[in-house]
Amino acid sequence: MPPEDYLQRLRAYLFEAETFVKATFSGRQAGRELAWRRVIVRPVELKGQRVTQVSYFDEKRDITKNYAGDEALAKLEELLALPFSQIHVQTTHTEIQVRISKKGKVFVHEQAAASAAPPSLDHDHAKPLLLPADRPDPFLQAIGMMTPEGKIRAQWQRKFRQINEFLRLVAETEEAIKEEGRPLHIVDCGCGSAHLTFAVYHLFNHVFARPARVVGIDLKADLLAKQSQLAQTLGWPDLTFAATRIRDFQPETPPDIVLALHACDTATDEALAQAVRWQSRMIFSAPCCHHHLQAQMDAQPAPPAFKPVLRHGILKDRLGDVLTDAFRAQLLRLQGYRTDVIEFISAEHTDKNLLIRAVKTSAPGNPQAQAEYADLKAYWGVTPYLETLLSGE
């Protein structure tokens with residue numbers, strides 16, 4: 001499709017004040033530079049005047065500005081000129097999704113809007129969710145998280161919020177949504193009930209229109225058999241499951257992305273170690289319990305300076321958690337990953353609310369990272385389990 005054609009269609013929806021609901025700009029075209037990972041546009045009402053609110057997001061911050069009149073139109077034109085690879089516009093009657101491939105080919109998908117309700121003009125708008133909580137969705141209904149009427153069930157509210165925030169951080173990682181002309185391969189380690197597994201498949205294949213093949217692995221064969229049947233019922237052939245230990249799983253194709261949401265204790269280390277062996281480009285892991293390092297700390301004298309901290313059981317447990325994840329992050333840096341540890345959801349939803357996000361950027365063996373790791377290990381006199389698993393790397 002010629003560029004002017006899809007841009008004209010987007011303008012027709014963006015500039016129609018009475019029907020425009022929301023627009024999301026995300027991704028980066030190949031070989032181009034962008035200051036923002038995602039931009040969201042929607043109408044709001046301020047002091048009785050309808051204005052255009054633009055929210056800019058990168059990995060560490062978000063900035064929201066309001067524009068009116070000609071300034072708003074100029075800002076929308078400016079956004080259309082930026083090299084985003086994904087543009088999604090919603091109106092009261094239509095949704096249009098534009099995707100620009102790595103080779104510059106434009107794909108446009110247009111469909112009727114799920115709801116004809118007028119846009120909300122509230123200024124203090126709730127954070128947009130990748131999985132909507134306010135309209136029926138066959139996928140969410142099929143996994144039992146949503147009622148037939150389109151409401152998230154009360155007992156699933158916390159899990160729904162966790163998954164949405166996990167997806168948000170995946171989506172805001174530029175390398176995850178970059179178009180490459182081939183399907184992504186994703187492995188979800190310790191997938192359990194597979195709510196995240198289904199959600200990630202839905203995110204890439206349906207929300208981003210980015211083909212992805214997803215495998216969920218876990219030891220519970222009977223549970224995975226039910227998930228396999230559900231995937232078939234939904235007509236999702238590229239979502240499969242394997243009953244196996246994480247360390248024994250052999251993927252047909254090395255995965256681009258490895259996920260682990262609350263894989264218990266050393267299962268997190270097994271997932272990280274496998275991701276390194278597979279040379280996976282991205283890792284997203286929300287660790288759960290951290291017993292292995294705690295046991296080593298219990299078995300030896302504490303560093304004298306930390307005796308006042310380790311005297312209290314709850315502080316000792318939390319310190320053990322912090323050290324475990326610090327060692328994990330540093331070991332990933334040693335393997336050539338750009339790694340950060342971030343809070344992916346408020347502690348009111350779960351106290352296990354940290355996410356290790358790692359993107360492969362260089363060859364292993366950073367001398368500074370090696371020295372920092374050696375110093376931390378010598379100070380505490382411990383050997384992290386992930387080091388043991390990676391001893392041959």
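For this structure, a couple of remarks:
- Taking the listed residues Leu121, Leu130, the one that is touching a Pro at 6+ places or on another chain (Cβ under 7 Å), modelled with pLDDT under 85 and surrounded by fewer than 19 Cβ atoms within 10 Å (Cβ to Cβ) is Leu121, with no other qualifying.
Residue-wise test of (1) of a type in the set (D, E, K, R); (2) touching a residue at least 12 places away in the same chain (Cβ under 8 Å); (3) surrounded by fewer than 17 Cβ atoms within 10 Å (Cβ to Cβ).
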| position | (1), (2), (3) |
| --- | --- |
| Pro255 | no, yes, no |
| Ala275 | no, yes, no |
| Gln300 | no, yes, yes |
| Pro304 | no, no, yes |
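- Looking across the stretch 272-308, the residues that are farther than 30 Å from Phe249 by Cβ and not in a helix (DSSP H, G or I) come down to Ala299, Gln300, Pro301, Ala302, Pro303.
- Residue within the stretch 135-158 that is hydroxyl-bearing (Ser, Thr, Tyr), free of Cβ contacts under 8 Å to residues at least 60 places away in the same chain and surrounded by fewer than 17 Cβ atoms within 10 Å (Cβ to Cβ) present: yes
- For the stretch 43-70, filtered to residues that are surrounded by 12 or more Cβ atoms within 10 Å (Cβ to Cβ) and of a type in the set (Asp, Glu), the residue that is nearest to Thr19 (Cα to Cα) is Glu45.
- The residues of the stretch 228-264 that are more than 27 Å from Gln279 (Cβ to Cβ) and of a type outside the set (Gly, Ala, Ser), listed by number, are Gln229, Leu230, Gln232, Thr233, Leu234.
- Selection status of Asp70, in contact with a Phe, Trp or Tyr (Cβ under 8 Å, 6 or more places away or on another chain), of a type in the set (Asp, Glu) and not assigned by TED's automatic domain parsing to the domain that holds Leu169: no
- Remark: Arg182 falls outside the filter, which requires a residue to be touching a Phe, Trp or Tyr at 6+ places or on another chain (Cβ under 7 Å), assigned by TED's automatic domain parsing to the domain that holds Ala267 and part of a loop (DSSP other than H, G, I, E, B).
- In this structure, Ala358 does satisfy being modelled with pLDDT of 90 or more, within 23 Å of His291 (Cα to Cα) and assigned by TED's automatic domain parsing to the domain that holds Gln294.
- Of all the residues in the stretch 237-267, those that are over 18 Å from Gln227 (Cβ atoms), touching a strand residue (DSSP E or B) at 6+ places or on another chain (Cβ under 6 Å) and not in a loop (DSSP other than H, G, I, E, B) number 2.
The values are calculated or read from the model by the stated rules, or taken from the named source; none is laboratory data. This one's a predicted model, so the numbers in the text were calculated from it and none came from an experiment. Please note: Cβ atoms are built from the backbone with ideal geometry, for glycine as well, and neighbour counts cover all protein chains shown.
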